[in-house]
Amino acid sequence: MRFVDGTANPYVALAGILGVGFAGIRDKSELKIKDCPGPKTAAQLTENERQALGITQRMSLTWEEARQNLHKNTILRDFVLGNECMAKYLAVNQTLADALDLDGNDEVAALTRLVEFY
């Protein structure tokens, strides 16, 4: 899974992957997204190529957008992580982003702090 990077909490990431997978099995949801084996990543595909694979949403481009998307995900919030864990995780993530100033305007400085931190 290419979307899990070095800044992700591996336990939360794995819990999310397993939890939504289980929820899909429990709810008998149809898997509509096809495999994107390469050599191109989904980001490198054209809009038509993504549509053909069933990819209709892009990954978050900022930490703020990722936090908003995580908070809106009812399966993760209500079934996998729970409200309390979700709220604490988002608060810690916001504190880290504030400390690194990742949501600021100086992208080079923010990336430098991120690399130094990790």
Residue tally, condition open to solvent by 60 Å² or more (accessible area, probe 1.4 Å) and under 30 Å from residue 96 (Cα atoms), over the stretch 39-52: 2
Selected residue [among the hydrophobic types (A, V, I, L, M, F, W, C), open to solvent by less than 100 Å² (accessible area, probe 1.4 Å), assigned to a loop (DSSP other than H, G, I, E, B) and at pLDDT 85 or above] from 17, 55: 55
The stretch 20-34, subset among the hydrophobic types (A, V, I, L, M, F, W, C) and over 15 Å from residue 73 (Cβ atoms), residue modelled with the highest pLDDT: 25
Check on residue 8, over 12 Å from the mean Cα position of the chain (by Cα), closer than 28 Å to residue 115 by Cβ and of a type in the set (A, V, I, L, M, F, W, C): no
Which listed residue, of 85, 36, is under 18 Å from the mean Cα position of the chain (by Cα), surrounded by 14 or more Cβ atoms within 10 Å (Cβ to Cβ) and assigned to a loop (DSSP other than H, G, I, E, B): 36
Selection from the stretch 20-33 of residues that are touching a residue at least 12 places away in the same chain (Cβ under 8 Å), part of a helix (DSSP H, G or I) and open to solvent by 40 Å² or more (accessible area, probe 1.4 Å): 20
Residue in the stretch 65-82 that is open to solvent by 40 Å² or more (accessible area, probe 1.4 Å), in a loop (DSSP other than H, G, I, E, B) and free of Cβ contacts under 8 Å to residues at least 60 places away in the same chain present: yes
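Just to check your reading of the model, which residue among 114, 90 is assigned to a helix (DSSP H, G or I), open to solvent by less than 50 Å² (accessible area, probe 1.4 Å) and either free of Cβ contacts under 8 Å to residues at least 60 places away in the same chain or touching an Asp or Glu at 6+ places or on another chain (Cβ under 6 Å) (or both)?
On inspection, the qualifying residue turns out to be 90.
The values are calculated or read from the model by the stated rules, or taken from the named source; none is laboratory data. Everything numeric in this text was worked out from a predicted model, so none of it was measured. Positions of Cβ are generated from backbone atoms using ideal geometry, with glycine treated the same way; all protein chains shown enter the neighbour counts. Areas reflect the complete protein model, heavy atoms only, side chains present, ligands, DNA and RNA absent. Shrake-Rupley method; radii C 1.70, N 1.55, O 1.52, S 1.80 Å.
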